[in-house]
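Presented below is the structure to which this report refers.
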2 protein chains.
Amino acid sequence: MRNTKINIERRKNKKTKPAPENLGFGTVYSDHMFIMDYSTEKGWHSPKITPYGPISLDPGTSVFQYAQSVFDGFKAYRTEDNRILIFRPEENLKRLNASCDRLCIPSIDEEFVLKAVKQLVDIDQDWIPTLKGTSLYIRPYIIATDVSLSVTPSKTYKFIMILSPVGAYYSEGFNPVGINVEETYARAVKGGTGAAKTAGNYSPGYKAQEKASEKGNAQVLWLDAIEKKYIEEVGSMNVFFKINNEVITPPLNGTILSGITRMSVIELLKYWNVPVYERDITIEEVHQAYVNGGLEEVFGAGTAAVIAPIGQLNWGDQEMVINNKQTGGLSQKLFDTLIGIQTGKLEDPFNWTVEVEKELTL
Amino acid sequence: MRNTKINIERRKNKKTKPAPENLGFGTVYSDHMFIMDYSTEKGWHSPKITPYGPISLDPGTSVFQYAQSVFDGFKAYRTEDNRILIFRPEENLKRLNASCDRLCIPSIDEEFVLKAVKQLVDIDQDWIPTLKGTSLYIRPYIIATDVSLSVTPSKTYKFIMILSPVGAYYSEGFNPVGINVEETYARAVKGGTGAAKTAGNYSPGYKAQEKASEKGNAQVLWLDAIEKKYIEEVGSMNVFFKINNEVITPPLNGTILSGITRMSVIELLKYWNVPVYERDITIEEVHQAYVNGGLEEVFGAGTAAVIAPIGQLNWGDQEMVINNKQTGGLSQKLFDTLIGIQTGKLEDPFNWTVEVEKELTL
């Protein structure tokens, strides 16, 4: 469908924009959205950009029943010289297709959808906030739309893409947060869906998140489901440990999401000649490093927060305070560099950003 | 909310009913549905029965993103003397609340919802099919309705209950089916959501189901995620093995759904003095019993199919043909007894069925 024309219906009256100081995460949406449909006969078809508004579904729609639903998320930024940059969208769309495969959802044409992303962002470009720490979050998702209670893959789907001007993900801002090491609940297991961005991977974590919050922690550190010793992810981010001047992150072993920010952090570290290893790391090893004074920095990496420094790890009775609860030098440098590249303030030696060309405007 | 009045808006023109011979599973819905809403301030409120029709949701609604969604399912039958019986609805509503708890969804008032079930079934009672093997399937479900991309429990929800006249779940009817023993994909792990009826537990099984279908099997037999040796469930049913005159079913260890049909089968077997054990059983033990000639019957048990006899288990290269691919005596007796009680043809010594009283009619 590479050359399919996207039908565009523009909104008559634009919505009021929120104050950039008060942006939360994904509560306000832009003026338009992108939708296309899938059927077995037509494949993905009827792509259109329409005014943002409710969708109407039969109560027997299968997504409500069996969560055949995947999503992804990435961001657009406006540069000081008024260009629009999107951070590594090709990687997110590739991952979206991997998620589709895991849930038996038909794949999308990544090149076509990238065109749709650019067109939608272009049309709603006055929704890109420019205040420090803000961006326009792009959320594509796909839902099963067959009206059926049969536990089988749907034959019809909707691809929907919405835009939300967002502020910092954590209300704490870019300050180190406390994390609870979860030893009862599990996020994912080999053979499950942990490596895919399925809707069903997220709400099962709420219970552990509530437990963490009750103890005053911002997030959960997930251990492997089998031995409860190998570190997997933190909240909905990948996690990195700086121990004795080396950086370690768990490998992509089938239970961990392949984060685009994770990938970018690894590439940056290699570019800077900082030793970085994708390898198994146990909570016991982290604790030992802490006891020996070698645990220098811990941080999460994900699209929403970019880099989230971790100031304290709570593992049972053990309270590991990291870098005196201050943002570490490497965490800060990674954050500044990533944000710098994303917003066009720094050079982009990796060609990570994709520009929304001006001639797109219709 | 026990005494809250359910607002009723009746449909003006009734829909055309499908021929009872051609009922599938959950593709046709009755004339009305039940809906109520939840907010932090009001709790569950505004219960109503309205004409069955589409619901309208903001595309940023959190259920689409993070699958905070649970459901349950049970059936209503019309007896030959024109009464309406519902099979063990209290158990399903109790389980629905357990599912809610796992996903941080506010609990429902089971007694009130049972009242709503009766009222809805009463209003749409001409949708209860009477042909052998048919019933009116009742599907209550709850979805998170906050418009937010934040990975946190919603503050608002919708409880929806729909009714679907259904035929036999398997197109094969009550005939033994082939089952593929799945050794790669996992359904659930300790600490996950396997014991709850969450939407997100179902679509992750599609991939293994596709694999099974390609090999000509109707369903998947799930093994434990950790050692891939202990038997868990079959497709979306619990599973029973009759070996040397004893019946064995895996225990409720946190990864297996607590099936109401499972519970009823166990109670019936005890009532009949058939030895029945809830205990760990490995696929190797089943295979050994097969080799020794002791594997007499295998069957699934669940609301949709009631009892599903299994004629062949395919485990890697091993093809275990069970009871010459014929329905076993115990499977048949359980099916006949359960259906007999459900349809009021047999006595109900356990008080399992709940009658929809005539005076409900408004």
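The values are calculated or read from the model by the stated rules, or taken from the named source; none is laboratory data. Small disclaimer: the values here were computed from a predicted structure and weren't measured. Glycine also receives a Cβ, built like all others from the backbone with ideal geometry; neighbour counts cover every protein chain displayed. Remember, those area values only see protein heavy atoms, side chains included, never the ligands or the DNA or RNA. Shrake-Rupley method; radii C 1.70, N 1.55, O 1.52, S 1.80 Å.
Just a few scattered comments:
- Given (1) more than 8 Å from chain A (Cβ to nearest Cβ); (2) assigned to a helix (DSSP H, G or I); (3) open to solvent by 20 Å² or more (accessible area, probe 1.4 Å), number of the condition residue B:242 does not satisfy: (2)
- Of the helices (runs of 4 or more DSSP H) lying entirely inside segment A:59-177, those containing at least 1 residues that are within 8 Å of another protein chain (Cβ to nearest Cβ) are A:62-66, A:89-102.
- Only one of the listed residues (B:242, B:211) is modelled with pLDDT of 95 or more, touching a Gly at 6+ places or on another chain (Cβ under 9 Å) and of a type in the set (Lys, Arg). That residue is B:242.
- Any strands (runs of 3 or more DSSP E) falling wholly within segment A:295-362 and containing at least 3 residues that are in the same structural domain as residue A:283 (by TED's automatic domain parsing): A:295-302, A:306-315, A:318-321
- Count of segment B:21-48 residues, restricted to those that are aliphatic (A, V, I, L, M) and over 23 Å from residue B:134 (Cβ atoms), is 2.
- Residue A:193 vs. criteria open to solvent by less than 40 Å² (accessible area, probe 1.4 Å), facing another protein chain (nearest Cβ under 8 Å) and either at pLDDT 95 or above or under 26 Å from residue A:64 (Cβ atoms) (or both): yes
- Candidates in segment B:245-271 are the residues that are over 24 Å from residue B:89 (Cα atoms) and not aliphatic (A, V, I, L, M); of these, the one that is surrounded by the most Cβ atoms within 10 Å (Cβ to Cβ) is B:246.
- Summed over segment A:97-120, residues that are over 29 Å from residue B:28 (Cα atoms) and either under 18 Å from the mean Cα position of the chain (by Cα) or hydroxyl-bearing (Ser, Thr, Tyr) (or both) total 7.
- Residues located in segment B:39-58, provided they are in contact with a Ser or Thr (Cβ under 6 Å, 6 or more places away or on another chain) and either of a type in the set (Val, Ile, Thr) or open to solvent by 30 Å² or more (accessible area, probe 1.4 Å) (or both): B:54, B:56
- Residue in segment A:59-76 that is buried (at least 18 other Cβ atoms within 10 Å of the Cβ), without any contact (Cβ under 8 Å) to a residue 24 or more places away in the chain and of a type outside the set (Gly, Ala, Ser) present: yes
- Residue among B:188, B:208 that alone is within 12 Å of another protein chain (Cβ to nearest Cβ), more than 19 Å from the chain's Cα centre (by Cα), closer than 22 Å to residue B:259 by Cα and buried (at least 22 other Cβ atoms within 10 Å of the Cβ): B:208
- Within segment A:15-29, being in a loop (DSSP other than H, G, I, E, B), in contact (Cβ under 8 Å) with a residue 40 or more places away in the chain and more than 19 Å from the chain's Cα centre (by Cα) holds for A:17, A:18.
- Residue match in segment B:222-233 (condition: within 30 Å of residue B:119 (Cβ to Cβ), open to solvent by less than 20 Å² (accessible area, probe 1.4 Å), among the charged types (D, E, K, R) and not assigned by TED's automatic domain parsing to the domain that holds residue B:125): no
- Residue in segment B:157-178 that is at pLDDT 95 or above and more than 21 Å from the chain's Cα centre (by Cα) present: yes
- Lone qualifier among B:207, B:215, B:211 - being free of Cβ contacts under 8 Å to residues at least 60 places away in the same chain, closer than 19 Å to residue B:319 by Cβ and among the charged types (D, E, K, R): B:211
- Looking only at segment A:1-28, and only at residues there that are of a type outside the set (Lys, Arg) and within 14 Å of another protein chain (Cβ to nearest Cβ), the one that is most open to solvent (accessible area, probe 1.4 Å): A:27
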